Amino acid sequence: MSSILLLRDGIPRLKLPVGDSCRVGRSSECDLQLLDHQLSRVHARIERRGDVYWLEDLGSRNGTFLAGVRVSVPVRLAAGDEISLGGLSVIFDPPLELLHERGGDKTLYLVDDDVGSPKPGEAGADDRGQAQGQARGQARDQELHLAPSTLVALHRLTCELVGELDPEALVVGLMDRLLDFFEADRGFVLLHSERTGRLMPAVIRTEREAVAISRSLVDYALRERVPVLVTDAIEDVTFEGAKSVIAHQLRSVMLAPLLVEGKGKGKGEVIGLVQVDRRERNTYDQDRLAQLGLLARAAAVALTNARRFERARRQIVEAGAPDPLGTGGEPQTRFISADPRMERLLQTTRKAALAGSRVLITGESGTGKELIARLVHEQSNRAQGPWVAINCAAVPEALIESELFGHEKGAFSGAGRRKRGCFELADEGTLFLDEVGELPLQLQVKLLRAIQELTFFRVGGEKPVVVDVRIVAATNRQLAERVREGLFREDLFYRLAVLTLELPPLRERSGDVVLLMERFLQRFARTMGKPLPALAPAARQALERYRWPGNVRELKNVAERLVVLAESATIEVVDLPAEISFGGAAGRSSPRSKLREALAETEREHIAQALVEAGGKKVEACRILGISRPTLDKKIADYNLEL
């Protein structure tokens with residue numbers, strides 16, 4: 001869908017979608033109503049015919065001009081064309097450089113630069129700054145009168161923020177707490193990217209699809225480093241008749257910079273900004289504004305400390321020391337191994353993370369490919385950016401394109417609103433494509449283009465979306481073989497496999513089985529509030545002898561089962577699953593196995609289970625199975641079962 005950008009004095013003010021037809025004029029019958037005395041009631045129309053948009057003057061008094069030439073007959077529009085309507089200028093499909101930032105197509109600039117300035121006759125030019133400060137609600141040096149209950153609530157919120165060590169969780173919690181405390185209808189947090197310095201949305205809470213943000217108020221709050229209050233935003237909108245502006249019903253608005261004080265007067269750093277607003281006018285006053293300012297200061301300090309702690313924690317983990325969060329819960333991205341082969345792999349992972357190149361992780365299912373991918377993200381310069389993961393095999397083929405690239409409203413049946421896809425959500429961060437080998441060939445072409453150009457189209461969209469994303473992919477398939485079979489594109493394979501990390505299966509990692517089992521037992525025992533069971537020597541041998549076809553994922557499930565069913569302080573062989581207790585076979589046969597082999601495996605499992613239930617007593621096992629002692633002895637020997 002195309003759009004138009006309204007300008008005043010050469011400065012972007014409002015960006016709106018066009019749709020199939022858009023009539024512009026002073027009348028309320030128009031699709032875009034602008035209260036400009038130089039416009040006719042129904043001035044002009046922008047209409048789509050097929051894939052082309054046309055501009056037509058509808059008999060206006062002052063005329064419609066395209067690139068300075070008066071329009072007398074319908075003319076075809078191209079991206080970047082400048083249209084003059086009365087005293088306004090309009091850019092059709094504006095180029096990105098006209099917008100304040102790349103995310104401008106998602107931003108409505110609602111408030112004019114003159115918001116809060118004195119009206120004619122109220123103050124002279126010399127008094128403008130003072131009048132602005134009063135109108136915009138500066139909270140400097142104001143005496144604050146708070147009820148005891150409000151003080152208690154502020155203290156509680158501050159303690160909750162300072163106690164959070166995860167930066168992402170802190171920002172999300174901040175927004176949720178502010179919405180509740182100020183009973184706001186909507187709010188957002190903007191943060192300066194630590195990597196690029198750009199102001200980017202971190203959290204947005206709104207019921208509507210579009211996000212209305214006043215650029216002038218944001219700029220003012222960041223420049224002056226003071227909280228800002230607007231008691232009735234609708235009256236301050238430049239294009240006050242625009243239907244899309246009225247639709248947001250913004251009335252009471254408060255903003256506060258996230259300011260970290262430094263040493264000395266006037267020092268400090270603004271790391272972002274928070275805003276809350278309501279649809280009722282005059283909802284907020286100076287006291288509420290001052291409260292927002294206090295919470296914003298506390299949040300800025302808490303976020304700065306959380307970021308420092310996270311950086312220090314990563315450095316400690318990378319150096320091989322115990323994770324400082326280990327006592328409170330093992331981080332999921334802590335990869336545990338005593339195997340030399342895995343140590344070399346982790347060293348390569350750190351190098352790959354710093355390189356910034358695309359990474360392909362291969363290995364059997366359950367070996368921990370997503371953990372390695374998360375390590376690549378957390379050890380890179382994108383660690384503060386978003387981490388977005390999608391399992392390409394778990395999403396139906398009809399929906400995978402929408403999940404990756406998003407879709408426009410009405411793009412297909414059930415698309416009731418615009419949806420951002422994984423590529424867009426991972427902007428300035430890392431996108432993890434798990435089981436990438438399962439993607440259908442048709443979608444592989446679109447994925448290749450998105451990776452090459454970092455540009456894509458939403459489903460049903462007509463405008464390109466530009467992102468800055470690092471791709472990390474994983475597969476349990478042999479992609480080279482799938483390329484030879486014609487099931488995977490060769491050019492996509494080489495695009496993904498700039499750096500390849502191959503995870504060995506658990507059966508090839510000597511010494512890791514017992515190490516991982518003990519760590520999982522410790523984690524589940526702590527979670528369930530149960531005593532930590534110990535592994536008997538015979539149980540250790542059985543665990544090491546088993547081939548673990550499900551790799552670490554299977555081992556983790558076994559550990560959880562052992563903690564749930566543990567009745568003593570020591571885990572014996574008899575407590576282990578039957579397939580582990582007796583012999584360590586590689587698991588069930590595949591569906592293509594011969595009938596005789598399948599029956600033999602079934603018989604072996606039944607005998608092993610009977611021995612477990614009998615506590616290793618052959619007489620009792622014979623009774624359970626209904627066979628003689630010599631037959632049982634023969635079966636134990638045939639199937640290599642060990643007591």
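For an R0 of 41 angstrom, estimate the FRET efficiency from the Cβ-Cβ distance between residue 446 and residue 281 and round to the nearest 0.05. With R0 = 41 Å, the Cβ-Cβ based efficiency is 0.30.
Going from most exposed to least, what order do 37, 377, 192 have by accessible area with a 1.4 Å probe? Walk me through the numbers before you get to the answer.
Details: 37 145, 377 5, 192 60 Å².
Order by accessible area, largest first: 37, 192, 377.
Counting heavy atoms of the protein chains alone, residue 335 has an accessible area of about 20 Å² for a 1.4 Å probe. Solvent-accessible area of residue 494, all protein chains in place: 140 Å² (probe radius 1.4 Å, heavy atoms, ligands and nucleic acids excluded).
Distance between the modelled labels on residue 519 and residue 76, one decimal in nanometres: 6.3 nm (7 Å Cα→Cβ projection).
With each label modelled as a point 7 angstrom along the Cα→C-beta vector, the residue 261-residue 498 pair spans 4.5 nm.
Over 26 Å between Cα atoms: which of 369/463; 369/556; 556/635; 15/419 fall into that group? Numbers along the way, then the final one.
Values: 369/463 35 Å; 369/556 15 Å; 556/635 31 Å; 15/419 19 Å.
In this structure, 369/463; 556/635 exceed 26 Å between Cα atoms.
When the residues 483, 203 are ordered by accessible surface, computed with a 1.4 Å probe over the protein chains alone, the sequence from largest down reads 483, 203.
Per-residue SASA remark: residue 619, around 110 Å² accessible (1.4 Å probe; ligands, DNA and RNA not included). If R0 is 51 Å, the Cβ-Cβ spacing of residue 481 and residue 225 corresponds to a FRET efficiency of close to 0.30.
Applying 1/(1 + (r/R0)^6) with R0 = 22 Å to the Cβ-Cβ distance of residue 206 and residue 394 gives a FRET efficiency near 0.15.
Count charges around residue 64 for me, please; just the other residues with Cβ under 11 Å from its Cβ, Lys/Arg as +1, Asp/Glu as -1. If you can, show how the numbers build up before the last one.
Details: positive: 45, 61, 70; negative: 56, 57.
Once all neighbours under 11 Å are counted, the net charge is +1.
The values are calculated or read from the model by the stated rules, or taken from the named source; none is laboratory data. On a predicted model such as this, the values are computed, not experimentally measured, just so you know. So basically every Cβ, Gly included, is an ideal-geometry build from the backbone, and we count neighbours across all protein chains shown. Keep in mind that these areas ignore ligands, DNA and RNA; they rest on the heavy atoms of the full protein, side chains included. Shrake-Rupley method; radii C 1.70, N 1.55, O 1.52, S 1.80 Å.
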